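A.B. asks: Pasting a structure here, questions to come.
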Amino acid sequence: MEFGYTLVSQYKPNREISGIANELANQVELANEVGFDMVGVSEHHVTDDQYLNNEALLPYLSNYIGEMDIGTGICLLPYHHPVRIAEWGATVDVLTGGNFTLGVGQGYRDEEFEAFGIDKADALGRFVEGVQIIKKLWTEDVVSYDGRHYQLEDVSINPKPVQDPRPPILIGASNISSVERAARIADGWLGAHVPLDLIDEYASTFREERASTEHGDGYVSVGREAFLAETTEEAEAIVREKLMRKYERYIDWGQDEVFESDDFRSEWERLKTDRFLVGSPEDVIQEIERYREVVDPDRLGVRMQYQGLDFDDVRSSIELFGNEVIPAIES
């Protein structure tokens, strides 16, 4: 099992933002130092919070990844023209020596679709065509494409990615049909936020659908909110309020509406058991072993920084995870 670290680049409106680049770079350097395999950056737009643009942030952070991979977690593809994302992704892959992964999703916030002038009803079509075009541009010298949303005639991008045949593409999906689509058109599935029983169901669906294709084994990545301290009581005392506020924000944004048979309106104990990895290193190790037994993901991605947390607490959590949890799971 590989381990990924997902950065949070979202800050309160009154947060002093100068110097934030060093704080983010320090997290990436520390993640590399303690044994993480990958770092990811998310995307949102037109929020009340200060939300850094991932297209600028990710190349900046690539200077600090060492041997780790770096990727989008996730790029909201319907908002972007696929030719530009293909060029941007290829450039990052070149600059990192072939360590880029493209994670993509459809998006869900009405405010974002309205801001970009995109009909939300077109999201799926733009998304599927976008994935198809990016794959072609990364692997073919000259591309023509005649779709409903995009048309290309004899288009080439240069440079091509370093990776052969191309960087992996993973799709974030939170319902059965989307998970099946990920198995057919991408290289892997990114599952986050939903409880463990649905993660198990979706991972099985992805693997079964993948087996029916000619693409070979797919990649299952599970994302979890996490926070560690010396004791579980201390970890909960530090992070509970901040993490619950994060999920209240998801409800405000409407993300829970995209899930099947699930929502975020749950008490702390249920969320902690089904979606979070919060506690002492010993308790988190036990929980990850449960995930490995039930789902056996190829990668477990964790996010540990939340609005209002002191950076020293974030640093301590990363160190505990890297120094105690990762070696225990790998052994």
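The values are calculated or read from the model by the stated rules, or taken from the named source; none is laboratory data. Because the structure is a prediction, the values reported are computed rather than measured. Positions of Cβ are backbone-derived with ideal geometry, glycine not excepted, and every protein chain shown enters the neighbour counts.
Here is a yes/no grid of residues against (1) over 27 Å from Gly107 (Cβ atoms); (2) assigned to a loop (DSSP other than H, G, I, E, B):
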site	(1), (2)
Glu209	no, no
Thr213	no, yes
Gly216	yes, yes
Val222	no, no
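A.B. asks: Is it the case that some residue within the range 17-34 is of a type in the set (Val, Ile, Thr), surrounded by 14 or more Cβ atoms within 10 Å (Cβ to Cβ) and assigned to a loop (DSSP other than H, G, I, E, B)?
C.D. replies: No: the range 17-34 contains no residue that is of a type in the set (Val, Ile, Thr), surrounded by 14 or more Cβ atoms within 10 Å (Cβ to Cβ) and assigned to a loop (DSSP other than H, G, I, E, B).
A.B. asks: Would a scan of the range 319-331 turn up a residue that is among the hydroxyl-bearing types (Ser, Thr, Tyr) and surrounded by fewer than 17 Cβ atoms within 10 Å (Cβ to Cβ)?
C.D. replies: yes
Rundown of residues vs (1) surrounded by 20 or more Cβ atoms within 10 Å (Cβ to Cβ); (2) under 16 Å from the mean Cα position of the chain (by Cα); (3) at negative phi, yes/no style:
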position	(1), (2), (3)
Asn158	no, no, yes
Pro168	no, yes, yes
Ile185	no, no, yes
Trp189	yes, yes, yes
His193	yes, yes, no
Ser204	no, no, yes
Arg207	no, no, yes
Arg210	yes, no, yes
Glu214	no, no, yes
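A.B. asks: Report yes if Arg299 is basic (Lys, Arg), in contact with a Phe, Trp or Tyr (Cβ under 8 Å, 6 or more places away or on another chain), at pLDDT 95 or above and on the phi < 0 side of the Ramachandran plot, otherwise no.
C.D. replies: Yes.
A.B. asks: Looking at the range 247-269, is at least one residue outside any helix (DSSP H, G or I), more than 21 Å from Glu33 (Cα to Cα) and modelled with pLDDT of 85 or more?
C.D. replies: no
A.B. asks: Same structure again: Which of the numbered conditions does Leu243 fail, given that it passes all the others? Conditions: (1) part of a helix (DSSP H, G or I); (2) modelled with pLDDT of 95 or more; (3) crowded, with 16+ Cβ neighbours inside 10 Å; (4) not charged (D, E, K, R).
C.D. replies: (2)
A.B. asks: Then there's this: State the number of residues belonging to the range 157-174 that are farther than 17 Å from Ser42 by Cα and modelled with pLDDT under 95.
C.D. replies: 0
A.B. asks: Follow-up question, since we're still on this one. Are any residues in the range 177-216 closer than 23 Å to Thr273 by Cβ, touching a helix residue (DSSP H, G or I) at 6+ places or on another chain (Cβ under 7 Å) and β-branched (Val, Ile, Thr), and if so, which ones?
C.D. replies: Hits for the range 177-216 are Val179, Thr205.
A.B. asks: Out of all the residues in the range 39-50, is one or more in contact with a strand residue (DSSP E or B) (Cβ under 8 Å, 6 or more places away or on another chain) and either in a helix (DSSP H, G or I) or over 30 Å from Ala123 (Cα atoms) (or both)?
C.D. replies: no
A.B. asks: Hey, could you check the range 77-95 for residues that are touching a strand residue (DSSP E or B) at 6+ places or on another chain (Cβ under 6 Å) and more than 18 Å from Val179 (Cβ to Cβ) and say which is surrounded by the fewest Cβ atoms within 10 Å (Cβ to Cβ)?
C.D. replies: It comes out as Val92.
A.B. asks: Among the residues of the range 60-81, write down those that are within 18 Å of His45 (Cβ to Cβ) and either assigned to a helix (DSSP H, G or I) or in contact (Cβ under 8 Å) with a residue 40 or more places away in the chain (or both).
C.D. replies: Matches in the range 60-81: Gly73, Ile74, Leu77, Pro78, Tyr79, His80, His81.
A.B. asks: Oh, and also: State all residues of the range 116-144 that are of a type in the set (Gly, Ala, Ser) and loosely packed, with under 14 Cβ neighbours inside 10 Å; if no residue qualifies, say none.
C.D. replies: The answer is Gly117, Ala121, Ser144.
A.B. asks: Let me ask something else. Of the residues Glu230, Glu236, Glu324, which is at pLDDT 95 or above, more than 23 Å from Ala173 (Cβ to Cβ), in a loop (DSSP other than H, G, I, E, B) and among the charged types (D, E, K, R)?
C.D. replies: Glu230
A.B. asks: Could you list, in sequence order, all residues of the range 82-108 that are of a type in the set (S, T, N, Q), in a loop (DSSP other than H, G, I, E, B) and under 17 Å from the mean Cα position of the chain (by Cα)?
C.D. replies: Asn99, Gln106, listed by residue number.
A.B. asks: Of all residues in the range 187-207, how many are modelled with pLDDT of 95 or more, out of contact with any His (no Cβ under 9 Å at 6 or more places or on another chain) and under 17 Å from Val104 (Cβ atoms)?
C.D. replies: 6
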